[in-house]
1. What does the charge count around Ala254 come to, taking other residues whose C-beta lies under 15 Å from its C-beta (Lys +1, Arg +1, Asp -1, Glu -1)?
2. How would you rank 161-173, 87-99, highest first, on the average number of other Cβ atoms within 10 Å across their residues?
3. Asn218 to Thr93: extension gain in nm, 0.36 nm per residue of separation minus the Cα-Cα distance?
4. A 31 angstrom limit on the alpha carbon distance is what I want to check against. Which of Lys166/Lys189; Lys249/Lys277; Lys203/Lys224; Lys190/Lys249; Lys166/Lys190; Lys224/Lys249 exceed it?
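All of the numbers you see were taken from the coordinates with simple rules; none came from a lab. For clarity, every value in this text was computed on a predicted model and none was experimentally measured. Quick reminder, even Gly has a Cβ in these numbers, built from the backbone with ideal geometry, and neighbours come from all protein chains shown.
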Amino acid sequence: MATSLDDTLEGLKSSFGSSMRNSLQSSGGGNGGGVFKKLAIAGVVLFAAIFLVRPTVAYIEPGHVGIVINRAGGGVSPQPLGPGFHLRNPLFTAIEQYPTFMQTLVLTRESTESSPTNDEINVNSIEGQPLSLDVSMSFELDGAKVPALYQTFRTDIQTISHGFIKQAIRQSLQETVGQEMIADILGPKKAETVTRTQGALQKRLDPYGITVRQFTLNEFRAPKAVMDAISLKNVMSQQALTAQNELQKNTFQAQGDSIKAAGRAKAIMAEAEAQAKANELLSRSITGNLVQYEMAKRWNGQMPQVTGGAMPMMQLPGAIKNP
């Protein structure tokens, strides 16, 4: 990997080479030997500086820390190197760079299940059914703990991710998924399962300075028979819920109709009672004197021509008209 120091040294070498060519071309002949000798001495000094300085300076890129490995004994230095230039003894020390920026580990199933690059996570549910999961995890390394991490695994972070971290994810998932039913993981307890898994995973990785920023359950695969049974159960549950809602609707409607009928009956009863009371008051108010009074108000002064009742009908006097 080219560094800023390498670029600087390469620039110096190119500049020196160009200067030598330009000097030789401009010197011509007579005094060319002296100029060439001076340039040769300067070149030797420059190349000596390059080959002596380069191994003694290390450049750590931003977002990384440097791990100092003591070749003469003492193992790994517990203090990491921060970004920038650092002097070192090339004979007795070596430096490995480790990233401390956020990284994402994606573990998915390949198109060929038996592929050596297949990174799916396989666990068992509480029913004992095999499950295949695609997951992802975003994490960061604690720079202060990186030397201890390297001393433990003696390899790069990519190898650690697909080895130790992947195994930690599998164990954490087995702890949580293995306590739940498949239908619950797919439904109401999915978010809880993810949260519990991330907590268990953080406990496993925390001693190594690995901080889990986000854990995601991307895809969930179970045996087809199990998935079909869950789908059928969901359909039946939905149908039962629909029937229950319809029954509740009909019950509310029947209750409403009953309340309306009771209200109408009460209104009719009240109307009948009011009419009966009115008739009773009317019958009490009708007396003989009132009848005679009303008849007298309506009499036109003519005597009736015919009378009836218990007495036989007779022609009253004055009722006979001459033809």
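1. On the way: positive: Lys249, Lys260; negative: Glu246, Asp257.
Local charge sum for Ala254: 0.
2. Working: 161-173: 18.5, 87-99: 14.5.
With the highest mean Cβ count within 10 Å placed first, the list reads 161-173, 87-99.
3. Working: separation 125, 0.36 × 125 = 45.00 nm, distance 4.35 nm.
Difference between extended and current length: 40.6 nm.
4. Working: Lys166/Lys189 23 Å; Lys249/Lys277 42 Å; Lys203/Lys224 34 Å; Lys190/Lys249 33 Å; Lys166/Lys190 20 Å; Lys224/Lys249 37 Å.
Flagged as over cut-off: Lys249/Lys277; Lys203/Lys224; Lys190/Lys249; Lys224/Lys249.
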